[in-house]
There are 2 protein chains.
Amino acid sequence: MEIQIFEVGPRDGFQNICDYIPVETKLKIIDKLVDAGIQHMQITSFVSPKAIPQMRDAKEIVEICLKKYPTLDLFALVPNLRGAQMAYETGLKKVTNVISLSESHNRANINRSREQSLEELERILHTYPQLEVCVDIATVFGCPFEGDLGIVALLDFLQNLYEKGIRLFNLCDTIGVAHPKQVREIIKKVLEIYPDCTFQIHIHDTRNMGMVNTLAAIECGITEVQSTLGGLGGCPFAPGASGNTATEDLVYMLEKMGYETNINFQKLLDLSKWQTTIIQGNYSGHHIHIK
Amino acid sequence: MEIQIFEVGPRDGFQNICDYIPVETKLKIIDKLVDAGIQHMQITSFVSPKAIPQMRDAKEIVEICLKKYPTLDLFALVPNLRGAQMAYETGLKKVTNVISLSESHNRANINRSREQSLEELERILHTYPQLEVCVDIATVFGCPFEGDLGIVALLDFLQNLYEKGIRLFNLCDTIGVAHPKQVREIIKKVLEIYPDCTFQIHIHDTRNMGMVNTLAAIECGITEVQSTLGGLGGCPFAPGASGNTATEDLVYMLEKMGYETNINFQKLLDLSKWQTTIIQGNYSGHHIHIK
């Protein structure tokens, strides 16, 4: 059985590195990821350079990647219509819009209410019907401010998005509080209710449950999972969020268990080691499981 | 459902710390572990002080703990008859004898052949019939020298030990190469063949699979699991072995999933943080998942 690994390190990983990573370095890492077999990648986000200076080269990164990897499944995060416009103008076909299940995290992360985010999503869908829009739902498994919001709130939210035409969702454990029982309950339920939709998961490893939660989701029917090389990542606007599930760990486990990822583990591992030499010293979010 | 957590940090964790930890510090950590609710603990090992100088205070540690915690389930590791004698003389009731499934790891770890180890085990059983003897089977899921030895080799080995009267086994993933599929196959099989035996598991987190493998074992019927506070641990004689599953991570996950551990998570977490301030700087084996 094939599992699609969505590498989101160039977005969720790099945005948590304090020092700016030069475009050439970013491109070199992306290049090596592709060489290792990564076929799905979130390469940047079109956000305000004031809010996240690390992503200020989004346009350049996307334009180069689109030329260099015409068959790759590339996407970028866009928090609003302005971001979607910039993504669209580069020729990108797929964007991710992020909205939190939790009102307070949405305000902290996107600086607007959920209602305003939903209206903005509608504007994106209306203005750029050519774009494939995935919705990242943040804090699905728990919020740093409001705790566990419960499956009923999630289902209401999904229904709202479904009615707007969204068929691709990414369920995010933004701060790494999910546990396998909860993951199984949620995944089984959403797959049952929305058989015509695609659900990805995005699990942070804050409490060392990245692997166990990702496997729990896969064993309930999820076939698209997000992770970051070296377990980089976090959320600049969610206190306590630490790194994602590490892509190399995930690939190692899945291949050992007989799943197909079409990724060369050894190349990925070498790349992960090399990456730590590049960005060492200015990152503090990886594998902090004690908090 | 209750899961018994066997804290093995004072043995498997401390033995991997380069600098000697004073008796008072060890006792303070043990004291706080007990205060957090730990009821089962491997507190030391009776080994040659030349081989593992960190454990040279085994006698003192055990004597003090036996007096201080008369109701606690305490055990110590003994590699040979001499170790068993020392343990017996302290008044300890329970010892763990370690033998590797892999011949080459047994030679590296215990400095004798498996056959010699099995003979030594018989001497221990014959000389100290009053001692409850658990056998730690090392490299069950893979050996640094020989790779995966397979389930047939394990079942032969178990049968041999069973015929010697052993009913308590600890299946060790000494270098952290197990994966959930393998864990499930092995655990289901051994529980089916030996319903009158108790099996514990001891999983290293080398490739970040400590949690997922431990949960896989629990969901196949295992109720006794080993772990170490802060994920300390390793094997001085197994190249590439890194830390164990962290007790606090395990307790957090299991309690969230509705299992009972009877351990106070917050106390354990505070203790783990405090422990890092005590032993910081002279330990390098924790959570090295890249190799």
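The values are calculated or read from the model by the stated rules, or taken from the named source; none is laboratory data. Since we're looking at a predicted model, the values are computed, not measured. Using ideal geometry, Cβ is built from the backbone for each residue, glycine included, and neighbour counts are taken over all protein chains shown. Calculation scope for accessible area: heavy atoms of the full protein, side chains included, ligands and nucleic acids excluded. Shrake-Rupley method; radii C 1.70, N 1.55, O 1.52, S 1.80 Å.
Applying the condition of being open to solvent by 40 Å² or more (accessible area, probe 1.4 Å) and of a type in the set (Lys, Arg) to segment B:85-139 and asking which residue is nearest to B:Ile61 (Cα to Cα) yields B:Lys93. For beta carbons closer than 7 Å, sequence separation of 6+ or different chains, a first residue in segment B:263-274 that is of a type outside the set (Phe, Trp, Tyr) and a second that is open to solvent by 70 Å² or more (accessible area, probe 1.4 Å), the qualifying pairs are B:Lys267/B:Asp35; B:Leu271/B:Lys32. Counting only strands (runs of 3 or more DSSP E) that sit wholly inside segment A:148-245, those with at least 2 residues that are more than 25 Å from A:Gln266 (Cα to Cα) are A:168-173, A:198-203. Exactly one residue out of B:Gly234, B:Gly285 is modelled with pLDDT of 60 or more, touching a Ser or Thr at 6+ places or on another chain (Cβ under 9 Å) and away from chain A (no Cβ under 12 Å), and it is B:Gly234. Taking first residues from segment B:150-170 that are over 13 Å from B:Ile99 (Cα atoms) and partners that are modelled with pLDDT of 95 or more and open to solvent by 60 Å² or more (accessible area, probe 1.4 Å), the Cβ contacts under 8 Å between residues at least 6 apart in sequence or on separate chains come to B:Ile151/B:Glu185; B:Ile151/B:Lys189; B:Leu155/B:Lys189; B:Leu155/B:Ile193; B:Lys164/B:Glu122; B:Arg167/B:Asp196; B:Leu168/B:Glu132.
Determine if segment B:210-228 includes at least one residue that is at pLDDT below 95, within 11 Å of chain A (Cβ to nearest Cβ) and touching a Gly at 6+ places or on another chain (Cβ under 8 Å). No, segment B:210-228 has no match at all. When segment A:240-259 is filtered for residues that are more than 7 Å from chain B (Cβ to nearest Cβ), open to solvent by 10 Å² or more (accessible area, probe 1.4 Å) and out of contact with any Gly (no Cβ under 9 Å at 6 or more places or on another chain), the ones remaining, listed by number, are A:Glu255, A:Tyr259.
Scanning segment B:40-89 for residues that are of a type in the set (Val, Ile, Thr) and closer than 12 Å to B:Lys26 by Cβ yields B:Ile43, B:Thr44, B:Ile61, B:Val62, B:Ile64. Answer yes or no: is there a residue in segment A:209-219 that is buried (at least 16 other Cβ atoms within 10 Å of the Cβ) and more than 21 Å from B:Met209 (Cα to Cα). No, every residue in segment A:209-219 fails to be buried (at least 16 other Cβ atoms within 10 Å of the Cβ) and more than 21 Å from B:Met209 (Cα to Cα).
So, in segment B:178-194, of the ones that are closer than 19 Å to A:Ile218 by Cα and open to solvent by 70 Å² or more (accessible area, probe 1.4 Å), which residue ends up nearest to the other protein chains (Cβ to nearest Cβ)? Ranking the candidates gives B:Lys181 first. Quick one: in segment A:247-282, which of the residues that are outside any helix (DSSP H, G or I) and at pLDDT below 95 is farthest from the chain's Cα centre (by Cα)? Ranking the candidates gives A:Gly281 first.
If I ask for residues that are among the β-branched types (Val, Ile, Thr) and under 20 Å from B:Lys273 (Cβ atoms), which ones from segment B:1-58 would you list?
B:Ile5, B:Val8, B:Ile17, B:Ile21, B:Thr25, B:Ile29, B:Ile30, B:Val34, B:Ile38
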